[in-house]
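Beneath this line is the structure, given in structure tokens, with notes to follow.
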Amino acid sequence: MSPTVRDATPDDAPALAELYDRVWALETSALGEKLAAERRAAPEEIRRWIETDRYLVVEETGRVAAVMGIEARHGTYHLAHLAVLPEYRRRGLARSLMERAEALARESGAVKIWFDTAPGLEAARRLYASLGYAPCGYLRRHYWGTDLIVYEKLL
């Protein structure tokens, strides 16, 4: 069964809370303890995220295996909270989410996609470069003292 990219629903919140809990626990060294802890959200908070912004999920083998948030504002798409369960990594799920977000952005007439990531997330940074995203800024000691690289792609 091939992976399916779809919009998240409020019913996905418990699975997404578990996904984020597992993923951010593994990324503490790259994100810093406070930021990693802050990104681990309860299902109620994730439901609010889904109701406020658009979240995409990838289902594989009947399980939510990856997620990414999209904030559409002022002709731009801001991507956030991209996470893939460890046992589903290196299968193209993050790429599928990024490509779907880009298609949605183009359909909406957005002029740019942007996001930030921690310098230590090397696999993610390689993915972004392979998709044509380029670093456009560096935020020092930004979230809880964590440095971030800002990426963008003009559409």
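What the table shows:
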quantity	calculated
Tabulated pairs, the range 64-78, first in a strand (DSSP E or B) and polar (S, T, N, Q), second at pLDDT 95 or above and surrounded by 15 or more Cβ atoms within 10 Å (Cβ to Cβ), C-beta under 8 angstrom, 6+ apart or interchain	76/110; 76/112; 76/113; 76/114
Subset tally (residues that are crowded, with 17+ Cβ neighbours inside 10 Å and under 15 Å from the mean Cα position of the chain (by Cα)) for the range 14-23	5
Test: residue in the range 110-118 that is within 20 Å of residue 18 (Cβ to Cβ) and touching a His at 6+ places or on another chain (Cβ under 7 Å)	no
Conditions (1) more than 21 Å from residue 17 (Cα to Cα); (2) at pLDDT below 95; (3) touching a Leu at 6+ places or on another chain (Cβ under 8 Å); number of the one not met by residue 145	(3)
Members of the range 105-129 found to be without any contact (Cβ under 8 Å) to a residue 40 or more places away in the chain, assigned to a helix (DSSP H, G or I) and of a type outside the set (Asp, Glu), listed by number	108, 123, 125, 126, 127, 128, 129
Output for the range 96-112, where each listed residue is surrounded by fewer than 14 Cβ atoms within 10 Å (Cβ to Cβ) and in contact with a helix residue (DSSP H, G or I) (Cβ under 9 Å, 6 or more places away or on another chain)	111
Residue within the range 83-90 that is in a strand (DSSP E or B) and within 16 Å of residue 3 (Cα to Cα) present	yes
Unmet requirement for residue 100, which otherwise passes all of (1) modelled with pLDDT of 95 or more; (2) within 19 Å of residue 25 (Cβ to Cβ); (3) charged (D, E, K, R)	(2)
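The rows are residues; the columns are (1) among the hydrophobic types (A, V, I, L, M, F, W, C); (2) on the phi < 0 side of the Ramachandran plot; (3) exposed (fewer than 14 other Cβ atoms within 10 Å of the Cβ); (4) modelled with pLDDT under 95.
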| position | (1), (2), (3), (4) |
| --- | --- |
| 7 | no, yes, yes, no |
| 25 | yes, yes, yes, yes |
| 39 | no, yes, no, yes |
| 54 | no, yes, no, no |
| 59 | no, yes, no, no |
| 62 | no, no, yes, yes |
| 72 | yes, yes, no, no |
| 84 | yes, yes, no, no |
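The values are calculated or read from the model by the stated rules, or taken from the named source; none is laboratory data. What you are looking at is a predicted structure, and each value in this text was computed from that prediction instead of being measured. All Cβ positions, even for glycine, are placed from backbone atoms using ideal geometry, and neighbour counts span all protein chains on display.
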